[in-house]
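Shown next, in structure tokens, is the structure this report addresses.
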Amino acid sequence: MIDNQDIERLKSRIRIEDVISKMGFSLTRKGTRHYCLCPFHQDHTPSLIIDTTKNNFYCPVCHTSGDAIRFVMKVDGKSYPDALRFIADIYGIELHEVSSDLSAEQKRQQDFKDMIRSQRETIVSMANENLFTEGNEAHSYLRSRGFNNDTLRLYRVGHFPMLSACGTQKDVLQKSYDAKLLQGRIVFPWYSASNALVGLAGRVIDVRTKGVELKYVNSSEKSGFVKGFNLFGINLAIRSMVKEKKVYVVEGYTDAMAMHQSGIENVVAQCGTALTDTQATILARHADEVVLCLDNDAAGIKAMDMAALKLLPLGVRVEILLAPNGCDPADLLHDKGEDAVLRWSQTETHNLLDICLDRFRQASVLDPYRRRAALNKLISYLALVKDSILCKFYIEKCIEVCPWLKKEEFGME
Ligand SMILES: [Zn+2]
């Protein structure tokens with residue numbers, strides 16, 4: 001049996017057009033579609049439609065359809081696991097085998113996971129339905145923040161009722177930790193890159209609500225949800241992230257939603273944690289460029305620094321998008337609308353190393369301590385950049401500013 005996590009990982013990478021062309025079919029591109037000869041009937045004109053946005057294929061003549069895995073299974077007569085192995089080879093992803101004989105303990109754990117997942121699915125649908133009932137206060141709040149219904153539906157945002165109002169589901173949900181935790185809160189579901197529901201988070205509608213200590217709560221680590229292993233919104237960002245080789249990382253749930261609504265689909269949110277090694281690896285696996293959108297305050301600068309130290313060694317280009325004065329993308333959407341969010345993200349992005357170089361340039365000659373600090377920062381980043389040509393470029397720029405600097409002082413020969 002192939003490890004489920006490996007399958008998820010593979011599925012998040014598959015682009016149907018890669019698979020079909022690797023199998024020797026010649027594709028003609030028209031917009032977001034590709035066409036090729038249909039292998040499932042006697043085809044003389046390329047009839048098979050490959051839809052890159054839906055990541056599937058369809059033949060309008062013989063009506064065969066499916067995803068990349070099904071395509072491989074049907075064309076090569078492969079079993080499901082063999083089709084997965086074939087595709088994994090294309091992407092150079094290793095699939096691990098796990099034993100299919102579950103011990104009693106493994107079986108118990110599997111049942112526990114299935115139960116949690118099914119409870120969460122119920123919570124998400126109930127919360128979603130409740131949000132869209134006439135006069136719902138969370139809905140009015142989210143609409144007043146500038147979110148449209150398409151965005152709320154896309155992210156499957158909901159408003160979970162009190163348990164006492166859960167009707168027929170009350171008895172089942174009373175045993176759920178998530179359900180108890182999320183009562184009366186706005187619910188943000190977390191999905192994996194391959195769209196599996198992995199955890200839930202909840203926010204109070206009004207932070208002044210009496211008796212509420214925490215603005216945000218989320219599913220427990222005991223139930224298998226570790227925020228630091230996930231990125232909010234990655235399921236919706238992955239296609240565009242892989243296509244553009246670029247991803248925006250924002251602070252909160254509503255920031256990601258605000259960016260997405262404004263036309264930036266390749267956006268994920270960290271949601272209150274410093275970037276972890278796992279998150280950095282996920283980002284670097286799918287994108288060459290990571291744009292960190294952080295608050296323009298001391299905490300934001302520190303978070304940026306820590307994220308950069310994790311991302312640079314992975315060979316990604318780190319860009320910084322500083323929040324407009326005192327507000328975040330969600331505020332910007334509320335105050336100035338979608339165009340302003342789009343314009344801001346396109347014009348205010350600067351390369352991390354360029355920012356450091358500028359600071360070094362601008363630090364007054366009369367303040368050698370500040371100049372030294374700016375140079376130190378740049379050197380500490382360059383030490384992590386594997387590309388020696390890029391390093392040399394920045395070193396030359398520093399020497400232009402202070403011609404007496406020696407290359408050796410940068411720790412490079
Ligand atoms: Zn056909």
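Only the coordinates and a few stated rules stand behind these numbers; no lab work does. Please read all numbers here as calculations on a predicted model, not as lab measurements. Ideal geometry is used to build each Cβ from the backbone, glycine not excepted, and the neighbour counts take in all protein chains shown.
Worth a mention:
- Linear extension gain, GLN183 paired with LEU154, 0.36 nm per residue minus alpha-carbon span: 8.3 nm
- The helix-only estimate of mean residue ellipticity at 222 nm for the chain, built from DSSP H runs of length n ≥ 4 each weighted as -39500 (n - 2.57), is -14000 deg cm²/dmol after division by the residue total.
- When the C-alpha to C-alpha distance is required to be over 18 Å, the pairs from LYS243/LYS392; LYS377/LYS407; LYS11/LYS222 that qualify are LYS243/LYS392; LYS11/LYS222.
- Only Lys, Arg, Asp and Glu carry charge here, each on its Cβ (+1 for the first two, -1 for the last two); on that basis segment 104-225 has a dipole of about 240 debye about its Cα centre.
- Given the chain, longest segment not containing exposed loop trypsin sites (Lys or Arg not before Pro) (DSSP; at most 10 other Cβ within 10 Å): 211-385
- Candidate lysines - alpha carbon under 18 Å from LYS170, same-chain residues fewer than 8 apart omitted: LYS180
- Across segment 4-91, the mean sequence separation of Cα contacts (distance under 8 Å, 6 or more residues apart), normalised by length, yields a relative contact order of 23 percent.
- In the chain, Cα pairs under 8 Å separated by at least six residues give a relative contact order of 9 percent.
- Segment 38-84 and segment 283-311: distance between their alpha carbon centers, rounded to Å: 40 Å
- Pairwise Cα distances in the chain exceed 27 Å in 61 percent of cases.
- Summing Cβ point charges (Lys, Arg +1; Asp, Glu -1) relative to the Cα centre of the chain gives a dipole of roughly 120 debye.
- Sparsely packed GluC sites (Glu not before Pro) within segment 102-193, loop by DSSP, other Cβ within 10 Å at most 15: GLU134
- Contact order for segment 1-159, expressed relative to its length and based on alpha carbon pairs under 8 Å spaced 6+ residues apart, stands at 18 percent.
- Segment 4-91: equivalent-ellipsoid semi-axes (sqrt of 5 x gyration tensor eigenvalues, Cα, Å): 22, 14, 11
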